[in-house]
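Taking it in order: structure first as structure tokens, then the write-up.
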Amino acid sequence: MTHAPRLPLAVGLPMAVASGLAIPVQGRINGALGARLGDGIAAAVVSFSTGLIVMVIVSLLAPRGRAGLARILPALRERRFPPYYALAGGIGAFFVFAQSFTVGLLGIALFTVATVTGQTLSGLLVDRLGIGPAGKKSVTGIRVIGCILTIAAVSWAVSPRFAGGIAGAAGAGAAGAGAADPTALLLPIILPVLAGFLMSFQQAMNGTATMHYGTPIAATLVNFIAGTCVLWVAWSVKVAVAGPANPLPGEWWYYLGGPMGCVFIGLGALLVRSLGVLVTGLGMIAGQLLGSLGLDLLVPTPGTVVQAATVLGTLLTLAAIVVATLPWPRGALRR
């Protein structure tokens with residue numbers, strides 16, 4: 001096993017924030033591709049397949065990539081970690097499925113809050129159980145407060161979009177059932193919460209695999225292999241039932257979603273050993289909000305208006321991460 005040096009918090013946390021910046025860019029690209037194809041699952045297949053191609057090229061050309069590639073099968077054969085860790089990429093595929101299935105019903109705001117809630121809660125659990133390579137981390141009062149502040153801050157930051165998303169969901173429910181039915185949104189809300197909850201386990205599995213492969217390149221490659229296989233099966237079933245999607249577009253930028261995924265999956269696998277799952281997740285959430293704010297300011301979609309709540313909620317998210325990660329005095333609000 002190759003032991004890479006742990007990164008200090010002052011280096012690792014900004015890297016986590018930077019990796020989170022790629023998430024909204026990927027979401028914008030995949031959303032546009034899904035609209036162009038008329039098929040969200042097909043867009044996810046394209047995204048994962050292009051990401052897999054990128055990782056295969058990197059693994060073959062980079063010296064560390066080739067070294068990691070040679071360690072994958074021995075690590076799995078010798079069971080240096082639970083073999084099902086190699087299926088962590090299926091969690092990413094499930095996240096994309098939840099996104100394509102529920103965003104149209106819930107709106108992007110409610111989807112974001114649901115996934116962040118699940119990811120933040122499971123980050124505490126995964127660190128407490130010591131599943132990731134950073135080992136066990138106590139559930140202190142400070143960390144709990146930081147998690148609560150994060151969920152509240154994200155809710156505030158996306159609150160200007162709630163009205164449109166919920167109104168659209170209510171309208172869709174009324175059109176389909178003749179009357180608003182609150183239980184109709186139960187499953188669409190549970191799916192993104194579960195997807196976010198599983199993301200922390202994915203990061204922990206990837207981080208553990210990275211320690212044994214010696215590089216996050218190999219862990220990211222295995223993720224894309226598993227995720228791509230799951231999505232191709234799902235898309236094949238969809239085609240058999242409902243027929244194929246529209247033809248692939250010719251514009252090159254539609255195919256950048258996969259490479260964006262390579263960035264935040266690879267960096268996440270690298271950082272969880274140094275930061276732990278919770279702090280890595282919080283940093284990526286902050287980057288996600290900052291990236292979304294930057295997109296709305298620089299490349300707004302039609303009808304986008306940046307309001308004060310979005311800016312202030314994003315700043316509060318950064319403050320919540322400071323609360324959760326600073327080295328507070330020993331025993332401060334313990335448990």
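For the reader, a short list of remarks on this structure follows.
- Checking each residue in region 200-227 for being closer than 25 Å to P63 by Cβ, part of a helix (DSSP H, G or I) and not hydrophobic (A, V, I, L, M, F, W, C) picks out N206, G207, T208, T210, H212, Y213, P216, T220, N223.
- Options L267, L282, L289; residue that is in a helix (DSSP H, G or I), surrounded by fewer than 24 Cβ atoms within 10 Å (Cβ to Cβ) and under 13 Å from the mean Cα position of the chain (by Cα): L267
- Region 34-78, subset at pLDDT below 90 and outside any helix (DSSP H, G or I), residue nearest to M260 (Cα to Cα): D39
- Scanning region 297-327 for residues that are at pLDDT below 75, under 17 Å from V116 (Cβ atoms) and polar (S, T, N, Q) yields one hit, T325.
- Residue match in region 231-246 (condition: of a type in the set (G, A, S), modelled with pLDDT under 90 and in a helix (DSSP H, G or I)): yes
The values are calculated or read from the model by the stated rules, or taken from the named source; none is laboratory data. If you're wondering where the values come from, they're calculated on a predicted model, not measured in any experiment. For neighbour counting, all protein chains shown are included, and Cβ atoms are generated from backbone atoms with ideal geometry for every residue, glycine included.
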